[in-house]
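**Student:** Structure incoming, see below.
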Amino acid sequence: MRTTDLPRIARAQPFRRLRLILGDQLNARHSWFRTPAEQADTLYVLMEIRSETDYAWHHAQKVLGIFAAMRAFAQALATAGLAVHYLRLGDEDNQQSFAANLATLLARHQISTLEWQQPDEWRVAQHLNEFAAQSGLPYQVVDSEHFLAEQAQISQQFAQKIPRMEFFYRAMRRQYQLLLTPEGEPLGGQWNFDADNRQRWPGNPPAPSWPQPRHDLRELWQEINAAGVRTLGAPQADAFNWPLSRREAQEWLRHFIAHALPHFGAYQDAMSQASPTLFHAGLSFALNIKLLHPLEVIQAAIAAYEHGAVSLPTVEGFVRQILGWREFVRGVYWARMPGYRALNVLQHQRPLPRWYWDGQTKMACLRHAIGQSLSMAYAHHIQRLMVTGNFALLAGIDPDQVDAWYLGIYIDAFEWVELPNTRGMSQYADGGLLGSKPYAGSASYIGKMSDYCKGCVYQPKLRHGEMACPFNSLYWHFHARHAERLGRNPRLAMSYRSWEKLGAQEQAATLAQAELYLAQLDDL
Ligand code: FAD
Ligand code: DLZ
Ligand code: SF4
């Protein structure tokens, strides 16, 4: 991509309205772009700014991907004849914040109305609201036209009481008439086919590779470096492998439906060193920056089911992720912010072990999950939940530090979806607002769902002793130290019964082992 081609309005040409497009609002089908009468006196603005590159320590591919997709989007709008002003990170007149840049542009172009789409992130929404109130200009915040649950309605509903995801999901299926019989009953007679969807992957069928768009982003990477942005992970700038335009995202979706979706359901909880992606979609980045609409992804999956290419349990499992989980966590976020990001009901305080940042640990499961996160800016859901998240939960890591890690390391990480998944689902720091029990697992879970333990120096069957798998003693330490809060949870009754059955001597040895490991987390 040639940076010289980026659109700029250099002259002080007047416009009636300015429309700000955020880096994760690259939705070419937004109604903004479908009203020709408004285009002549509208200035569209996109900006690469330090406030956004620096509020988290982002993965290199996340910064590259967002900037490259923003640039492609700006160029497409300009080619379609719209007036677009694109501020690059290194532009001399870039003041590096939304407010400062907007103030200059509003004055320079004699703008009388400011418009933006509802931001997905609380922090950005606050910032823009405050700026607009101070500027004294009339302004309008419009819907981003992306999500399936209406934001005001869902925040109001969830502010009163957060329903269980399953019931929210059923209501969404009814609202959108998806996978229902003509009588309004769920196809196949049940709403949820999870029980069919929990298989270990034996190596067959072979896992498909993802599309490889292989963009050359070396020039952009130089710009980011020249500006001094601090990133983590491998940039892969010479062969960047994420979709950057709607056309590429649609191609990615087609590839997923044809090659991976048929086996998505069966192996969605599986993990393997032989494949970092297995049968997952890899569509979260394209969805979150709005190159794709969730309904078109859902409809493509349902069409594959209707053509007989995909089973009902598989399509139901996939639809639940997007129609259910994705919309649900957004509802929790908007209903509970800003308080949600400070919740820490388990009072976990330990620092994040340093190997989360370089993958250098002897534990094979964590080494693989973190290693691929650093090289690809991606890990699939079960790696995030049952490997990296599970370890942090069992070891009692400060959720602020866990959040910072997840918000930085994944290309799809935006606070509205990262925070409830991390602090809520994974760390149980919200005390069960989002999920009914903590996702805690020992080596027996990881061993059952993956091939990690085979090559590990630690012994998955041992609770204590030299080379005992750390997940085992930490699992029981977690239960023991939170018995007062969690012991009454009926979904954990079986775990607590097993703990009792171990007997005092075995319990003491297990807890002593856990203490030993907790004292040397950095060295595991
Ligand atoms: P697939 O497994 O193929 O699923 C298809 C789609 O369903 C995803 O693209 C995604 O849009 C949606 N989806 C699935 N599960 C969830 C979920 N729990 N919440 C929201 N959407 C979901 N997802 C993000 O998009 N951004 C994040 O920052 C993020 N952080 C997470 C942190 C933790 C600790 C955990 C446990 C999960 C997190 N997730 C996050 C949810 C989920 O892991 C990712 O959406 C998924 O791994 C993306 O890969 P995929 O596209 O291959 O997903
Ligand atoms: C994540 C990100 C980054 C790294 N950079 C920018 C940027 O320079 N300009 C921009 O408009 N947005 C960026 N983003 C996304 C925002 O930080 C923010 O996460 C979302 O807009 C909120 O939904
Ligand atoms: Fe992970 Fe323990 Fe298995 Fe090693 S033995 S891979 S540390 S679960």
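The values are calculated or read from the model by the stated rules, or taken from the named source; none is laboratory data. Since we're looking at a predicted model, the values are computed, not measured. Note: ideal-geometry Cβ built from the backbone for every residue, glycine included; neighbour counts use all protein chains shown. SASA here: full protein model, heavy atoms, side chains in, ligands and nucleic acids out. Shrake-Rupley method; radii C 1.70, N 1.55, O 1.52, S 1.80 Å.
**Student:** Across the stretch 262-280, what is the total count of residues that are out of contact with any His (no Cβ under 6 Å at 6 or more places or on another chain) and either part of a loop (DSSP other than H, G, I, E, B) or open to solvent by 30 Å² or more (accessible area, probe 1.4 Å) (or both)?
**Tutor:** Within the stretch 262-280, the first condition is being out of contact with any His (no Cβ under 6 Å at 6 or more places or on another chain), and the residues that meet it are 262-272, 274-278.
Filter again for either part of a loop (DSSP other than H, G, I, E, B) or open to solvent by 30 Å² or more (accessible area, probe 1.4 Å) (or both), leaving 262-263, 265-270, 274, 276-278.
Residues that pass the stated criteria total 12.
**Student:** If you go through the stretch 440-457 one residue at a time, how many are part of a loop (DSSP other than H, G, I, E, B) and open to solvent by 10 Å² or more (accessible area, probe 1.4 Å)? Can you show your working first?
**Tutor:** First, the residues of the stretch 440-457 that are part of a loop (DSSP other than H, G, I, E, B): 440-442, 451-452, 456-457.
Those left that are additionally open to solvent by 10 Å² or more (accessible area, probe 1.4 Å): 440, 442, 451, 456-457.
So the answer is 5.
**Student:** With the condition being out of contact with any His (no Cβ under 9 Å at 6 or more places or on another chain) and within 16 Å of ligand 1 (Cβ to nearest atom), I'd like the helices (runs of 4 or more DSSP H) fully within the stretch 11-92 carrying at least 3 qualifying residues. Please lay out each step first, then the result.
**Tutor:** Working: elements: 36-39, 50-54, 60-79.
Of the helices (runs of 4 or more DSSP H) lying wholly inside the stretch 11-92, those with at least 3 residues that are out of contact with any His (no Cβ under 9 Å at 6 or more places or on another chain) and within 16 Å of ligand 1 (Cβ to nearest atom) span 60-79.
**Student:** Scan the stretch 417-436 for residues that are under 19 Å from PHE168 (Cβ atoms), more than 13 Å from the chain's Cα centre (by Cα) and among the polar types (S, T, N, Q) and jot them down.
**Tutor:** Across the stretch 417-436, the qualifying residue is only SER436.
**Student:** Another question, if that's okay. Give the residue, chosen from GLY435, GLY455, GLY396, that is modelled with pLDDT under 95 and more than 16 Å from ligand 3 (Cβ to nearest atom).
**Tutor:** On the way: GLY455 fails: more than 16 Å from ligand 3 (Cβ to nearest atom); GLY396 fails: modelled with pLDDT under 95.
Criteria check complete, one pass: GLY435.
**Student:** Further, regarding this structure: Of all residues in the stretch 470-511, how many are touching a residue at least 24 places away in the same chain (Cβ under 8 Å) and open to solvent by 60 Å² or more (accessible area, probe 1.4 Å)?
**Tutor:** 3
**Student:** Check the stretch 363-377 and report whether any residue there is open to solvent by 10 Å² or more (accessible area, probe 1.4 Å), away from ligand 1 (no atom under 11 Å from the Cβ) and charged (D, E, K, R).
**Tutor:** Scanning the stretch 363-377 turns up at least one residue that is open to solvent by 10 Å² or more (accessible area, probe 1.4 Å), away from ligand 1 (no atom under 11 Å from the Cβ) and charged (D, E, K, R).
**Student:** Can you name every residue in the stretch 458-471 that is in contact with a Phe, Trp or Tyr (Cβ under 9 Å, 6 or more places away or on another chain), more than 7 Å from ligand 3 (Cβ to nearest atom) and on the phi < 0 side of the Ramachandran plot? Steps first, answer last, please.
**Tutor:** To start, the set of residues in the stretch 458-471 that are in contact with a Phe, Trp or Tyr (Cβ under 9 Å, 6 or more places away or on another chain) comprises 458, 460, 463, 467-471.
Subset that is more than 7 Å from ligand 3 (Cβ to nearest atom): 463, 467-468.
Answer for the stretch 458-471, where residues must be in contact with a Phe, Trp or Tyr (Cβ under 9 Å, 6 or more places away or on another chain), more than 7 Å from ligand 3 (Cβ to nearest atom) and on the phi < 0 side of the Ramachandran plot: ARG463, ALA468.
Conditions (1) at pLDDT 95 or above; (2) near ligand 1 (Cβ under 8 Å from one of its atoms); (3) open to solvent by less than 10 Å² (accessible area, probe 1.4 Å), marked per residue:
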| site | (1), (2), (3) |
| --- | --- |
| GLY282 | yes, yes, yes |
| GLU306 | yes, no, no |
| GLU316 | yes, no, yes |
| VAL329 | yes, yes, yes |
| PRO351 | yes, no, no |
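**Student:** Among the listed residues ASN94, ASN129, ASN192, which satisfies the condition of being free of Cβ contacts under 8 Å to residues at least 60 places away in the same chain, in contact with a helix residue (DSSP H, G or I) (Cβ under 9 Å, 6 or more places away or on another chain) and surrounded by fewer than 19 Cβ atoms within 10 Å (Cβ to Cβ)?
**Tutor:** Values: ASN129 fails: in contact with a helix residue (DSSP H, G or I) (Cβ under 9 Å, 6 or more places away or on another chain); ASN192 fails: free of Cβ contacts under 8 Å to residues at least 60 places away in the same chain.
Just one listed residue meets the conditions, ASN94.
**Student:** Out of the residues in the stretch 8-37 meeting the condition of being charged (D, E, K, R) and either closer than 16 Å to ASP143 by Cβ or touching a residue at least 24 places away in the same chain (Cβ under 8 Å) (or both), tell me which one is nearest to ligand 2 (Cβ to nearest atom). Working first, answer last.
**Tutor:** Our first condition is that a residue be charged (D, E, K, R); within the stretch 8-37, this holds for 8, 11, 16-17, 19, 24, 29, 34.
Then drop every residue that is not either closer than 16 Å to ASP143 by Cβ or touching a residue at least 24 places away in the same chain (Cβ under 8 Å) (or both), which leaves 8, 16-17, 19, 24, 29, 34.
Values: ARG8: 16, ARG16: 22, ARG17: 18, ARG19: 13, ASP24: 4, ARG29: 18, ARG34: 22 Å.
So the residue we want is ASP24.
**Student:** Restricting to the stretch 138-148, name every residue that is surrounded by fewer than 17 Cβ atoms within 10 Å (Cβ to Cβ) and of a type outside the set (S, T, N, Q). Before you say what the answer is, go through the steps one by one.
**Tutor:** Initially, the stretch 138-148 is screened for residues surrounded by fewer than 17 Cβ atoms within 10 Å (Cβ to Cβ), giving 138, 140-143, 145.
Matches in the stretch 138-148: PRO138, VAL141, VAL142, ASP143, GLU145.
**Student:** Exactly one condition in (1) within 25 Å of ALA28 (Cβ to Cβ); (2) surrounded by fewer than 18 Cβ atoms within 10 Å (Cβ to Cβ); (3) within 15 Å of ligand 1 (Cβ to nearest atom) is false for ARG198; which is it?
**Tutor:** Tallying (1) within 25 Å of ALA28 (Cβ to Cβ); (2) surrounded by fewer than 18 Cβ atoms within 10 Å (Cβ to Cβ); (3) within 15 Å of ligand 1 (Cβ to nearest atom), ARG198 fails exactly one: (1).
Yes or no, residue by residue, for (1) within 16 Å of ligand 2 (Cβ to nearest atom); (2) assigned by TED's automatic domain parsing to the domain that holds VAL63; (3) at pLDDT 95 or above; (4) acidic (Asp, Glu):
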site	(1), (2), (3), (4)
PRO186	no, no, yes, no
ASP194	no, no, no, yes
HIS215	no, no, yes, no
ALA226	yes, no, yes, no
PRO235	yes, no, yes, no
ASP238	no, no, yes, yes
TRP242	yes, no, yes, no
TRP252	no, no, yes, no
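**Student:** Do you know which residues across the stretch 40-57 are touching a strand residue (DSSP E or B) at 6+ places or on another chain (Cβ under 8 Å), open to solvent by 10 Å² or more (accessible area, probe 1.4 Å) and not hydrophobic (A, V, I, L, M, F, W, C)?
**Tutor:** ASP41
Conditions (1) of a type outside the set (D, E, K, R); (2) in contact with a Pro (Cβ under 9 Å, 6 or more places away or on another chain); (3) open to solvent by 30 Å² or more (accessible area, probe 1.4 Å); (4) within 23 Å of LEU22 (Cβ to Cβ), marked per residue:
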residue	(1), (2), (3), (4)
ARG214	no, no, yes, no
LEU232	yes, no, no, yes
ALA249	yes, yes, no, yes
HIS255	yes, yes, yes, no
ALA260	yes, yes, no, no
ALA286	yes, yes, no, yes
ILE298	yes, no, no, no
